[in-house]
Every structure is written in C-alpha cells, then in structure tokens.
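One structure below.
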Amino acid sequence: MDLAFIPSPSVGVVHLGPIPLRGYAFCIIIGVFVGVWLGNKRWVQRGGRSGTVADIAVWAVPFGLVGGRLYHVITTYEPYFGPNGHPLDAFKVWEGGLGIWGAVALGAVGAWIGCRRRGIPLPAYADALAPGLAIGQAIGRWGNWFNQELYGKPTDVPWALQISSDPAIGRIGGTYHPTFLYESLWCLGVAALVIWADKRFRLGHGRAFALYVAAYCTGRAWIEYMRVDEAHHILGLRLNVWTALIVFVLAVAYLVISAKKAPGREAVVEPGAQLAEGEGADEGGEGAKDAKDADGAKGAESVNDDAGATADADATKPGAEEKPAESEKSAEPAESAKDEDAANAPAADAAKTAGSGSTKKS
C-alpha cells in the first residue's frame, strides 16, 4: 500500500453552464501569457520596443498550435486514421495531444512572418523569447496532469502519480512516475540556465535559443525513455527520443558555428525603438537647455534688482548727505596749503641761488 502519492484530478473539465472550462486549455493559455510577458521584458532590456513580442506572438502562437497538433496527429495517427479511428477527433485539441517539436518548428515560421513585417531579425527575437518558452512549457505540462496522460513506468516512490483506471481507453489504475512533473521541473531549470548564460556570456544571434533547445532535448531524451504510453519505435528507441537526439546535435552545431561567425550580441534589435529613444533624448535636451536659459535670465534680473535695491538703500541712509560736506571741509585746508607753497616757491629759489654763490666764493 502506497503511503504517499500525487493524486490526479477526478475530472479534467468543469462546466460553467454551457461553457466547458478545461484544465488542459487553461495551462496552455497561462503558459503562453507568461512566456510572452517574460519575452517582452527581455526584449525591452535588449533595446526593443515594449509590445513587439506580443505583436509577433499573434503570428507565432496560432502557427505553433497548428504545428504541435499536426506533429501529434502524424506521429500518433492510429486514434484518428487507424482502423477504428475518428478523423474529426484530430481537431479536438482540448483533449490533449500537442507535440512540442511541431509547435516550435511551425511557431518559428509564424514568428519569422511577424518579424519580417516589423523589420526585426528572427534570431534576436528567438533569444529574447527562449526562457519564456521554457517556462511556458513548464506550465503547459500540467495540462497532462488534468488529463491523466503521459505518465511513466509504475513506481511506489513517495512522489508517484496516482492514475485512475478507465477501461474505455485501456487505462490501468495505479501509481506511476509523474513524467509531466519531471519535464515541468526540467523546463524551469532550462529557463534558469538560459537566463544565467545569457547574462554571463552575452549570447546573441540565436545562441540563447539554441542553448534552450539543446538543454531541453537533453532532458526530454531521458524523460521520454521513462514513458509507457504507446509510441512508434525506431531501432528500439521511441520516435521522440530520436527527434530529441537529432535536434540536440543541430542546436549544438549552431551554437559553435554561430559563435565563430557572429560573436557577441546584436547592437540593434529593433531600429524603430532606437530612433524613438533618440528623438525623446533630443527633445529632453532642448527642453533642458531652454529651462537653463530661462533660469539664467531670471538670475540676471534678480542680480540687477538686488544691485538697484542696494543703491537705493544706501541713498536713503541717515548721514548719507553729510559725507560729501565733510570731504569738502577736509579739501579746503589742503587747497590753502598748496597756495602757500606756491607763494613761497620764488623766495626759496632765490635763497638757494644766493647760497650756492657764496659757497663758490669761499
């Protein structure tokens, strides 16, 4: 008897009147919103304009949903086009079944269209979005918990996932490895790795996205190996394991080649955003200059006013008129002394001349 396990929801959908609220769809929607929100923050930090990520996501998300569903239907065609299949069920996305490989591949096509319309390089956009994609996957994986699908091998570990039996689809009740939880936690680790590496090495030109792909494939390979749901095998390995290995090699090759051809990070990721910032800076500079000139003019007027007020105050002080009279008084004796000197000058010259003659005779 298992003493601890993770219970599965009894139902995966709640009806609000005629409207069905499905846990799987909610997880996908929340994951998209969180991914776009984080991608927008990183895009602005890299010099882009706020809102650009969401505008391009309008193209990328629908393409990604279609691509994810196509990959699932093509690689697991029996329930839809097999002997007892139902082709219309291929459109029931809310029941689960989205392949991340197809979602990323076709989503990239939609993102390329959106980037081309905005004149933005796709690698720069992918770098900004990479950690958000990983976190979005981590949230979206909980949709499998609501649908009780994609679990691993039977186990009795304390964190085992309890699955209820359903003879209609051949599901056997018991406790299994919660591979949805393993992948969710792995994706969070991938997001943290990409954010750290991007800050540490200033990844650019698509290398942050390539690191996300390579790291995700590493985890997906061993998690996929644990799953027990039906899947096509090639040389003894599940199809998704082979896909993870091939994509991993391609991502690593891109990392190495891109680092040699285009080292560093893009200087400009969205030209329009840089232009808008430059115009704002020019306007701010002119405004500051005008304000400075106005302050200078005010200061000059203030100095002139203070000088005038000081002069007026000195003129109205008591005794201000008496100072010139005193100076006139002191000037009179000086002038009389000068006149006396002028009058005595001839007599002094005569005495000097007489004295000089008597000295010569002796």
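The values are calculated or read from the model by the stated rules, or taken from the named source; none is laboratory data. Computed from a prediction, not measured in an experiment: that's the story for all the values here. No Cβ is skipped: glycine too gets one built from the backbone with ideal geometry, and neighbour counts run over all protein chains shown. Surface accessibility is based on the protein's heavy atoms, side chains included, excluding ligands, DNA and RNA. Shrake-Rupley method; radii C 1.70, N 1.55, O 1.52, S 1.80 Å.
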Apart from one, (1) among the hydrophobic types (A, V, I, L, M, F, W, C); (2) touching a His at 6+ places or on another chain (Cβ under 8 Å); (3) under 30 Å from VAL36 (Cα atoms) all hold for ALA160; the odd one out is (3)
Among the residues listed as VAL109, VAL53, the single one being touching a Leu at 6+ places or on another chain (Cβ under 8 Å) and modelled with pLDDT of 95 or more:
VAL53
Which numbered condition in (1) open to solvent by less than 60 Å² (accessible area, probe 1.4 Å); (2) outside any loop (DSSP other than H, G, I, E, B); (3) within 23 Å of TYR225 (Cβ to Cβ); (4) not small (Gly, Ala, Ser) is the only one that ILE74 fails?
(1)
Could you check region 16-25 and list, in sequence order, the residues that are assigned to a strand (DSSP E or B) and surrounded by 10 or more Cβ atoms within 10 Å (Cβ to Cβ)?
PRO20, LEU21, ARG22
Examine region 31-46 for a residue that is under 22 Å from PHE146 (Cα atoms), modelled with pLDDT of 90 or more and surrounded by fewer than 18 Cβ atoms within 10 Å (Cβ to Cβ), and state whether such a residue exists.
yes
Residue check, SER10 against (1) outside any helix (DSSP H, G or I); (2) in contact with a Ser or Thr (Cβ under 9 Å, 6 or more places away or on another chain); (3) free of Cβ contacts under 8 Å to residues at least 12 places away in the same chain, all met but one. Which one?
(3)
Condition (residue is open to solvent by less than 20 Å² (accessible area, probe 1.4 Å), of a type outside the set (D, E, K, R), within 22 Å of the chain's Cα centre (by Cα) and within 30 Å of GLY264 (Cβ to Cβ)) applied to region 98-107: is it met by at least one residue?
yes
Based on this model, can you work out whether ILE113 counts as closer than 30 Å to GLY272 by Cβ and open to solvent by less than 30 Å² (accessible area, probe 1.4 Å)?
no
Only one of PRO87, PRO9 that is at pLDDT 90 or above, open to solvent by less than 40 Å² (accessible area, probe 1.4 Å) and either more than 35 Å from the chain's Cα centre (by Cα) or polar (S, T, N, Q) (or both):
PRO9
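For region 194-219, enumerate the residues that are in a helix (DSSP H, G or I), touching a helix residue (DSSP H, G or I) at 6+ places or on another chain (Cβ under 7 Å) and either closer than 14 Å to ARG46 by Cα or modelled with pLDDT under 95 (or both). Reasoning before the result, please.
Narrowing region 194-219 to residues in a helix (DSSP H, G or I): 194-201, 207-219.
Adding the requirement that they be touching a helix residue (DSSP H, G or I) at 6+ places or on another chain (Cβ under 7 Å) leaves 194-195, 197-198, 207-219.
If the condition is that a residue be in a helix (DSSP H, G or I), touching a helix residue (DSSP H, G or I) at 6+ places or on another chain (Cβ under 7 Å) and either closer than 14 Å to ARG46 by Cα or modelled with pLDDT under 95 (or both), then ILE195, ASP198, ALA208 are the ones that fit.
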Checked pairs for region 157-169, first closer than 17 Å to GLU230 by Cα, second assigned to a loop (DSSP other than H, G, I, E, B), C-beta under 7 Å and 6 or more apart or across chains, list as ILE163/SER8; ILE163/GLN148; ILE163/TYR151; ILE163/GLY173; SER165/ILE172; SER165/GLY173
Anything in region 179-197 that is within 24 Å of ILE120 (Cα to Cα) and surrounded by fewer than 23 Cβ atoms within 10 Å (Cβ to Cβ)? List them, or say none.
ILE195, ALA197
Candidates ARG69, ARG46 - the one that is among the basic types (Lys, Arg) and without any contact (Cβ under 8 Å) to a residue 60 or more places away in the chain:
ARG69
